[in-house]
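Novice: Here it is, the structure, as structure tokens.
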Amino acid sequence: MQPSTESFLSPYRFLDLTDARGFLCGKILSSLGAEVIKIEPPGGDASRFNGPSSQTASEPENSLFWFAYNQGKKGITLNLQSPEGQALFRRLVATAQGVIESFSPGYLDSLGLGYSALTQANPGLILTSITPFGQDGPYKDWIAPDIVGMALSGYMYLCGDPDRAPVRISHPQAYLHAGAEAAVGTMVALYHWINTGEGQLVDVSMQESLAMLMFNSRGYWELERTIITRQGPRRTGLSSGAIQRQTWPCRDGFITFVVMAGATGTKTNQALIQWMEEEGMADDFLRNIDWVSFDMATASQGFHDQVEARLGRFFLSHTRDELTEGALKRRIMLYPVATVGDLLVNP
């Protein structure tokens, strides 16, 4: 028997009109086996000049950014603003399952290449549109670089120290989330087409894609009308009304550890206290905690403050590697906080 070369999406072709705001969508579809054709304007996509570069940034063939997000795609040059280019694009659309684009709302319509026009060439077409705030609504024409998306999604409100300005992830992430959600939406639409033969317009808002980053803060508002705020190395919302530390300094860096309840929390808390006992750093307060019946919903701020003071002294007495290795040995849910440099040299 010969191994099959067919992948999940290998029967399907997608035309990729996106700029850097949507590259990841086509990359994911390509990685799942789809034939993705990246369509560039004459002179090449502007992102070919984005750094970092393998050699000189002035050469479009050397952009590592470009190849990272377009690896696995085929490519052609096409002028969508010319009648000839538009005609050729319509011919390609007739052969494709879908089109991915990240133009401003209304741009394709202005060229006569909007969804209703393209479905005349291919009635079952899936058109996936990635924009900052969606195809309609009061923000649809707003410009939104990464920091705007991170702020207006609510994510930055939760990140940083409470006495300082909010912060965001340093390397732009907003449109990567939009691209990933666009890939998921495209596959949902594809599943619908397989079952019904109907195409769809997949409208992806970067802002809405980022809303998932707020995790349980949304649930706290929906259920209790409580607004979770940023607490720096601590976290609010894990216990009812209490603030817990989750990032801890150690001798040469930082680690992550959260006091939790339940079966997993019971085991990891007991193992950590036993480790502290072996080193003479556990007192009667820690020994007398009944972790089996510990309930995070009723744990007071005073309780967490006392636990933090004791665990903090223990963590500061060890290096990050000592804590990581000891946690692995004892099956404790404790993790190192790594820099990019740390990751590069981690065996």
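Novice: Just the residues that are open to solvent by 60 Å² or more (accessible area, probe 1.4 Å) and aliphatic (A, V, I, L, M), please, taken from the range 263-282.
Specialist: ALA263, MET281
Novice: Just for the range 328-341: of the residues that are in contact (Cβ under 8 Å) with a residue 40 or more places away in the chain and at negative phi, which one is nearest to the chain's Cα centre (by Cα)?
Specialist: Step by step, filter the range 328-341, then rank; the result is VAL337.
Novice: If I go through the range 24-41 residue by residue, how many of them are in a helix (DSSP H, G or I) and either free of Cβ contacts under 8 Å to residues at least 12 places away in the same chain or open to solvent by 10 Å² or more (accessible area, probe 1.4 Å) (or both)?
Specialist: Summing the residues that are in a helix (DSSP H, G or I) and either free of Cβ contacts under 8 Å to residues at least 12 places away in the same chain or open to solvent by 10 Å² or more (accessible area, probe 1.4 Å) (or both) in the range 24-41 gives 5.
Novice: In the range 112-149, how many are surrounded by fewer than 16 Cβ atoms within 10 Å (Cβ to Cβ) and among the aliphatic types (A, V, I, L, M)?
Specialist: So the answer is 3.
Novice: Those residues that are touching a strand residue (DSSP E or B) at 6+ places or on another chain (Cβ under 9 Å) and within 29 Å of PRO145 (Cα to Cα), I need them from the range 79-112; list them, please.
Specialist: Result: LEU80, PHE89, GLY98, VAL99, ILE100, GLU101, SER102, PHE103, SER104, PRO105, TYR107, LEU108.
Novice: Something else: Return the only residue of THR236, THR324 being without any contact (Cβ under 8 Å) to a residue 12 or more places away in the chain and either surrounded by 16 or more Cβ atoms within 10 Å (Cβ to Cβ) or not charged (D, E, K, R) (or both). Explain how you work it out, then say what you get.
Specialist: Details: THR324 fails: without any contact (Cβ under 8 Å) to a residue 12 or more places away in the chain.
After applying the criteria, what remains is THR236.
Novice: Quick one: how many residues across the range 290-324 are within 13 Å of VAL259 (Cβ to Cβ), modelled with pLDDT of 95 or more and assigned to a loop (DSSP other than H, G, I, E, B)?
Specialist: So the answer is 0.
Novice: In the range 283-304, what count of residues is obtained for those that are surrounded by 18 or more Cβ atoms within 10 Å (Cβ to Cβ) and either more than 36 Å from the chain's Cα centre (by Cα) or among the aliphatic types (A, V, I, L, M) (or both)?
Specialist: Residues meeting the conditions: 2.
Novice: Being of a type in the set (Asp, Glu) and closer than 22 Å to GLY179 by Cβ is true for just one of GLU61, GLU84, GLU35. Which residue is that?
Specialist: Working: GLU61 fails: closer than 22 Å to GLY179 by Cβ; GLU84 fails: closer than 22 Å to GLY179 by Cβ.
Exactly one residue qualifies, and that residue is GLU35.
Novice: Residues being assigned to a loop (DSSP other than H, G, I, E, B), within 23 Å of ALA211 (Cβ to Cβ) and touching a residue at least 12 places away in the same chain (Cβ under 8 Å): count how many of those fall in the range 110-144.
Specialist: Summing the residues that are assigned to a loop (DSSP other than H, G, I, E, B), within 23 Å of ALA211 (Cβ to Cβ) and touching a residue at least 12 places away in the same chain (Cβ under 8 Å) in the range 110-144 gives 9.
The values are calculated or read from the model by the stated rules, or taken from the named source; none is laboratory data. Please read these numbers as outputs of a predicted model, since none were measured by experiment. All Cβ positions, even for glycine, are placed from backbone atoms using ideal geometry, and neighbour counts span all protein chains on display. What goes into the accessible areas is simple: the full protein's heavy atoms, side chains included, and nothing from ligands, DNA or RNA. Shrake-Rupley method; radii C 1.70, N 1.55, O 1.52, S 1.80 Å.
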